[in-house]
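The values are calculated or read from the model by the stated rules, or taken from the named source; none is laboratory data. Computed from a prediction, not measured in an experiment: that's the story for all the values here. Cβ: placed from backbone, ideal geometry, glycine included. Neighbour counts: every protein chain shown.
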Amino acid sequence: MIVVSVPIGTALAIVLGVARVYGNRAFSLAATCVVGVFRGFPAIVTLLIIFFALPEVGVYFSPYWSAVLGFVLVTGAYQSEYVRGCIQSVSAGQSLAARALGMTRPQEVIYVILPQALRAALPGISNEIIYLVLYSSLASYIGVQEMFGVARTFNSLNFRPIEIFFTAGLVYAAIATVCFVGFRLLERRVRIPGVEAAR
Amino acid sequence: MAETNVVLKVDGLEKSFADNRILSGVSFEIDRGQIKVICGPSGSGKSTLLRCLNLLTEPDKGRVWLEGQEITNANVDVNSVRQRIGFVFQEFNLFNHLTALRNVSLALEKVKKMSKDEANALAMKELARVNLANDAHKYPAELSGGQKQRVAIARALAMNPVIMFYDEPTSALDPHLIGEVLDVMKKLAQEKLTSLVVTHEIGFARSVADEIMFMGEGKILEHGPPSQIIDKPTHEAVRLFFKRINELYRRDED
Amino acid sequence: MVAFADFLPYILSGVIWTLGLVAGGLSIGFAIGLLMAIGQIYGGEEAKAIIHAYVWFFRSIPLLVLLFLFYWGVFPATGFKLDPLACSIVVLGLRSGAYQSQIFRGGIISLGDTQLLAARALGMSKSRGIFHVVLPQALRISMPGWSNEYATMIKDSAITFSLGVLEILTRTRYVVSATNEALIPYFFAGALFLVLTYAGTKVVNIVYERTKIPGLLGRL
C-alpha cells in the first residue's frame, strides 16, 4: 500500500509545488488550499472522511483504495512544502539563463529548475515518506489488512501485549530504518557538486 | 526584411521600476559585424537596457527591431526572438546540475530540436572554440570563474545568434581570470560576430570596439569611436568619468 | 438531517482534552528533549549512544503501536495503573522528547561554538555557560522548528482515540455512530484541528518576532 502511495504522492507533491510557484492565480490558490487542508487535518481524519463520509455523497472506495487516496493526499501536501521551498531557492539566474536561450516556461521548469529543486528537496521528501510508513498503521481503522490491525487481532486472541506490540513496533522500525538508509544512499547517488540543499 | 545590414535598431526605449526612471529614452543602431561597447557608471541602466533588448524585461515605451523585425510588437514569439540573441550574464548562470557539455547542448536539443548526436557534436565544437574541449564533462562547481564564463559564451554561441549581448562578462571574475575571457571575446570580435558589450574594461573597448556608447542618467550621453570617447570626449560627465579612470591607471604606473 | 446544535457542543468540549494532551505532551517532551539535546552535544560517548537509541526507538515506531504497547503492555507490567489520558500524555511526551531533542540540537549547532567559548573565557563553568548564554539563543532559533512540532502534536493527539481518550476525534466518532452521519461531523472535527493548528502556529510566530534580537540577522 505504501509502495503505491509513495510515487503517486510524490508526483502530486511536485504538481502542487509547481502550481503554487508558477501557476496563475486560480491554480496557485487552489493548490494552496489543497495543501492547507491536507496538512491541517490529522491523517486519520482524512482517512475516515474518505472511507466513511464520502459514501454519503455517493463516492465509494474500497478500504485499500481509500487508504491509498488518503495517504497520497496527505503526503503529497506535506512533500509539496519541501518542493515549493526548494523551487524558490533555486537562484533566479537559472531561470534567466534558460529563458535567454529561448526555452519556454515548461521547458525551463522541467529541464532546469526541477532537477535542481528536487535534489535539494530529497532529504525532506524522504523524511515524509518514512513518516508515511509509520502512519500506515492508521489504515487498520478503515479495514485495511495492515500489520497493526493484525497485531491487535492477535492480541485479543492471545493476550500477550508486550511481545506482540513490541514485535510489531520493531518490524515498523526495521522498515523505517531500511528506508532511511536507502534514501541516504539515493541522495549520495544523485548528488551533483554545487547542487545541494540550503538548510 | 528591408534593411538587413542593420542587425539591431532601438528607438526611444524607456523603463521605470517603481518610481525610479532607469531608462529615459535610449536610441541607437548596430550594423552587421559591428562591435559596440556600452560604458558608464553603475546604476546608469546598462544591464536593464540589455535585458529589455532580449525581452527578459519588458520596456515601458520604445521599439526594438531585430534584423528588421519589430520584436516589441505584442504578437511576436518571444522564444524564437531570444534564440537569435546570444546573452552572456555577469554571474554566468550556468545550469548547475549539468556538465559543461550538457549546458551547451540542452537548448540545442530542446529549443532547436536537434538530435542528441547533432547537439553533442555542435556543443563540443563550440567548447573547443573557447578552449574548453577537455573540460566538457565537468560540472560548473568544478570549474573556475573564467572557465564558467567561457562555457556560458559557448552556450550562447551554439545557438548561432545574429548578435551577442555581454552583460559585464568579467565583473564577477578574479583579476587573473579576466584575461582568458577577454581573449575569447576578442577572437569572436575579429570574426566579425555582431556584439553589444557592457563592460568596465576600457582596454578591451579601446582595442576592439567600433564605437563606444556612454550611458548616464538613463540615456546615451555621447557616442563615437574609442579614440574620441576615451581621449577627447565632449560631454562633461564622460570627461569626468575617464579622467578619474586615467588617474587611477596612472597612479598604478608610478 | 440531525440537529447539529446538539452534537457540536459535545465535540467542542473535546477541545479541552485535546489541548490538555498537547500541553502535557509538549511539556514532557520539552524537558526530555532539552536534556537530551544538551547531552548529545556536550555529553560523553555513552550518553550520546543512549540518546541516539532512544531517539531512534521513538521515531521509528508508529505512535499507534507505542500507545498500545504502553497502555496494554508496559504500564500494567510495571504495576502502574494509568488511565488512557495519563498514559497518552506520557507516551506523547516521550515521543515528542525524541523529536524536540533534534530540534534543539539543530538550534544549538546552528548557534556555533563561539558563544560558549566566550562564556568560558570569562570564567563561567560549562553548565553556567550553557544555561545562561547558549540556551536562550538556541531556544529562540529553534522556535520555527518547534512550531512544527506543535502542529504535529495537535494532529497526533487525535490518534489517542484508539485508547478512548475523550478528545475531539473520539467524540466525533461517537457522534458518527450515534447519528449515522459521517460527513459533517468529520469535517467539523478536521476544521477544528485546522483552527487549533493555525492559531497555535501563529502564536509561536508572534513570540518569535517579538523576541527578535535587534540587529542580528537570521542565519537560517
query = Looking only at helices (runs of 4 or more DSSP H) that fall completely inside region C:1-68, which ones have 3 or more residues that are closer than 28 Å to A:A173 by Cβ?
reply = C:14-42, C:45-60, C:63-68
request  = Scan region B:129-156 residue by residue and report those that are surrounded by fewer than 22 Cβ atoms within 10 Å (Cβ to Cβ), aliphatic (A, V, I, L, M) and in contact with a helix residue (DSSP H, G or I) (Cβ under 9 Å, 6 or more places away or on another chain).
outcome  = B:A133, B:A136, B:L143
task = Just give me the residues in region A:24-59 being outside any helix (DSSP H, G or I) and away from chain C (no Cβ under 13 Å), in sequence order.
result = A:N24
note = Residues of region B:75-107 being touching a strand residue (DSSP E or B) at 6+ places or on another chain (Cβ under 7 Å) and part of a helix (DSSP H, G or I), in sequence order, are B:V81
From the options B:I153, B:I163, B:I202, residue that is touching a strand residue (DSSP E or B) at 6+ places or on another chain (Cβ under 6 Å) and over 17 Å from B:F92 (Cβ atoms) = B:I163
query = Of the residues that make up region B:78-90, is at least one in contact (Cβ under 8 Å) with a residue 40 or more places away in the chain, within 11 Å of chain A (Cβ to nearest Cβ), in contact with a Lys or Arg (Cβ under 9 Å, 6 or more places away or on another chain) and surrounded by fewer than 23 Cβ atoms within 10 Å (Cβ to Cβ)?
reply = yes
request  = Answer yes if at least one residue in region C:212-220 is of a type outside the set (K, R) and in a helix (DSSP H, G or I), and no otherwise.
outcome  = no
request  = Those residues that are loosely packed, with under 15 Cβ neighbours inside 10 Å, touching an Asp or Glu at 6+ places or on another chain (Cβ under 7 Å) and either without any contact (Cβ under 8 Å) to a residue 24 or more places away in the chain or outside any loop (DSSP other than H, G, I, E, B) (or both), I need them from region B:58-74; list them, please.
outcome  = B:K61
note = Within region B:110-123, restricting to residues that are in a helix (DSSP H, G or I) and surrounded by fewer than 18 Cβ atoms within 10 Å (Cβ to Cβ), the one that is nearest to the other protein chains (Cβ to nearest Cβ) is B:K116
ask   = Looking at region B:208-252, which of its residues are closer than 20 Å to B:S42 by Cβ, over 21 Å from the mean Cα position of the chain (by Cα) and not charged (D, E, K, R)?
value = B:P233, B:H235, B:A237, B:V238, B:L240, B:F241, B:F242, B:I245, B:N246, B:L248, B:Y249
message = Exactly one of these conditions fails for C:V203: (1) closer than 25 Å to C:P62 by Cα; (2) free of Cβ contacts under 8 Å to residues at least 12 places away in the same chain. Give me its number.
response = (1)
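Any residue that is in contact with a Cys (Cβ under 6 Å, 6 or more places away or on another chain) and more than 9 Å from chain A (Cβ to nearest Cβ) - is there at least one of those in region B:40-62?
Residues of region B:40-62 in contact with a Cys (Cβ under 6 Å, 6 or more places away or on another chain): B:59.
Still in the list and also more than 9 Å from chain A (Cβ to nearest Cβ): B:59.
Within region B:40-62 (the criterion being in contact with a Cys (Cβ under 6 Å, 6 or more places away or on another chain) and more than 9 Å from chain A (Cβ to nearest Cβ)), the answer is yes, since at least one residue qualifies.
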query = Of all the residues that make up region B:129-141, how many are farther than 13 Å from B:V104 by Cβ, within 14 Å of another protein chain (Cβ to nearest Cβ) and either touching an Asp or Glu at 6+ places or on another chain (Cβ under 8 Å) or assigned to a loop (DSSP other than H, G, I, E, B) (or both)?
reply = 1
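Checking the condition on the phi < 0 side of the Ramachandran plot, more than 8 Å from chain A (Cβ to nearest Cβ) and not hydrophobic (A, V, I, L, M, F, W, C), which residue from C:S162, C:S177 passes?
Numbers: C:S162 fails: more than 8 Å from chain A (Cβ to nearest Cβ).
Of the residues listed, the single one that is on the phi < 0 side of the Ramachandran plot, more than 8 Å from chain A (Cβ to nearest Cβ) and not hydrophobic (A, V, I, L, M, F, W, C) is C:S177.
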request  = Out of C:A191, C:A118, C:A158, C:A182, report the one residue that is hydrophobic (A, V, I, L, M, F, W, C) and exposed (fewer than 13 other Cβ atoms within 10 Å of the Cβ).
outcome  = C:A118
note = Only unsatisfied item for B:L94, checking (1) crowded, with 22+ Cβ neighbours inside 10 Å; (2) more than 8 Å from every other protein chain (Cβ to nearest Cβ), is (2)
request  = Restrict the check to region C:37-52 and report whether at least one residue is closer than 28 Å to A:E163 by Cα, within 14 Å of chain A (Cβ to nearest Cβ) and not β-branched (V, I, T).
outcome  = yes
remark   = Checked against (1) within 13 Å of another protein chain (Cβ to nearest Cβ); (2) surrounded by fewer than 22 Cβ atoms within 10 Å (Cβ to Cβ); (3) among the charged types (D, E, K, R), C:R95 satisfies every condition except (2)
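Just a yes or no: is a residue in region A:79-101 within 14 Å of chain C (Cβ to nearest Cβ) and acidic (D, E)?
From region A:79-101, those within 14 Å of chain C (Cβ to nearest Cβ) are A:81-82, A:85, A:89; that's our starting set.
Now drop any that are not acidic (D, E), which leaves A:81.
The answer is yes, given that some residue of region A:79-101 is within 14 Å of chain C (Cβ to nearest Cβ) and acidic (D, E).
Report, by residue number, each residue of region B:159-194 that is of a type in the set (D, E, K, R) and part of a loop (DSSP other than H, G, I, E, B).
From region B:159-194, those of a type in the set (D, E, K, R) are B:167-168, B:174, B:180, B:183, B:186-187, B:191-192; that's our starting set.
If the condition is that a residue be of a type in the set (D, E, K, R) and part of a loop (DSSP other than H, G, I, E, B), then B:E168, B:D174, B:E191, B:K192 are the ones that fit.
Given the criterion surrounded by fewer than 19 Cβ atoms within 10 Å (Cβ to Cβ), more than 19 Å from A:Y82 (Cβ to Cβ) and not acidic (D, E), identify the matching residue among A:A53, A:A26. First the steps, then the outcome.
Numbers: A:A53 fails: surrounded by fewer than 19 Cβ atoms within 10 Å (Cβ to Cβ).
The match here is A:A26.
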query = In region C:95-118, what residues are within 11 Å of the chain's Cα centre (by Cα) and of a type in the set (S, T, N, Q)?
reply = C:S96, C:Q100, C:S101
query = What number goes with the only condition from (1) more than 9 Å from every other protein chain (Cβ to nearest Cβ); (2) touching a helix residue (DSSP H, G or I) at 6+ places or on another chain (Cβ under 6 Å); (3) within 29 Å of B:E29 (Cβ to Cβ) that B:M159 does not pass?
reply = (1)
request  = For C:T152, state whether it is more than 23 Å from the chain's Cα centre (by Cα), β-branched (V, I, T) and either under 30 Å from C:I213 (Cα atoms) or modelled with pLDDT under 85 (or both).
outcome  = no
message = What's the total number of residues in region A:151-163 that are more than 7 Å from chain C (Cβ to nearest Cβ) and farther than 15 Å from C:S162 by Cβ?
response = 6
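Select from region B:21-57 the residues that are part of a loop (DSSP other than H, G, I, E, B) and of a type in the set (S, T, N, Q) and write down the one among them that is nearest to B:Q69 (Cα to Cα).
B:N54
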Odd one out for A:S137, checked against (1) more than 8 Å from every other protein chain (Cβ to nearest Cβ); (2) modelled with pLDDT under 90 = (1)
